[in-house]
Amino acid sequence: MKITNRKNDLGVVLQVEGRIDTYTAETFEQALLELLEKESVVTVDFEDVEYVSSAGLRALLNGQKKANSQGKEMICVNINETVEEVLEMTGFIDILTIE
């Protein structure tokens, strides 16, 4: 998994490439939570994400909880069919802000 970030008009974009799974979810979560500490809007770009496991879902949930508790916004964009299917099956499609 590769993680980069860049500024945009709203805040910052967290660009993720590869798999968010048992081996990489902790690194993803740490990057996400650090950005949510500093920025009011964090956009997570899933364009190059191949797979999200339950560990990855937990990281997303923790990010969403942090955003909610601090009055910030976490937006997920460019969700592919594979990831969207996982989000739908688990009910995360209703928890996360997806554009």
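Derivation of every value follows stated rules applied to the coordinates shown; laboratory data play no part. All values reported here derive from a predicted model rather than from experimental measurement. For neighbour counting, all protein chains shown are included, and Cβ atoms are generated from backbone atoms with ideal geometry for every residue, glycine included.
If the label point is 7 Å along Cα→Cβ of GLN70, which residues in the range 32-47 have backbone nitrogen under 11 Å from it? It comes to 32-42, nothing else. Identify all aspartates and glutamates with a Cα-Cα distance to LYS2 below 15 Å; exclude those on the same chain that are fewer than 8 residues away in sequence. Once the sequence-local aspartates and glutamates are set aside, what remains near LYS2 is GLU17, ASP21, GLU26, GLU29, ASP45, GLU47, ASP48, GLU50. Based on Cα contacts under 8 Å between residues 6+ apart, the range 2-98 shows a relative contact order of 27 percent. Restricting the calculation to Cα atoms, the chain shows an Rg/Rh of 0.92 when the hydrodynamic-style radius is the Kirkwood one. The gain in end-to-end length when the ILE93 to GLU50 segment is fully stretched comes to 13.8 nm, 0.36 nm per residue minus the alpha carbon separation. Between ASN78 and LYS2, the modelled label-to-label distance comes to 1.2 nm, taking each label 7 Å out from Cα in the direction of the beta carbon. Counting only lysines at least 8 places from LYS38 when in the same chain, those with an alpha carbon closer than 17 Å to its own are LYS7, LYS65, LYS66, LYS72.
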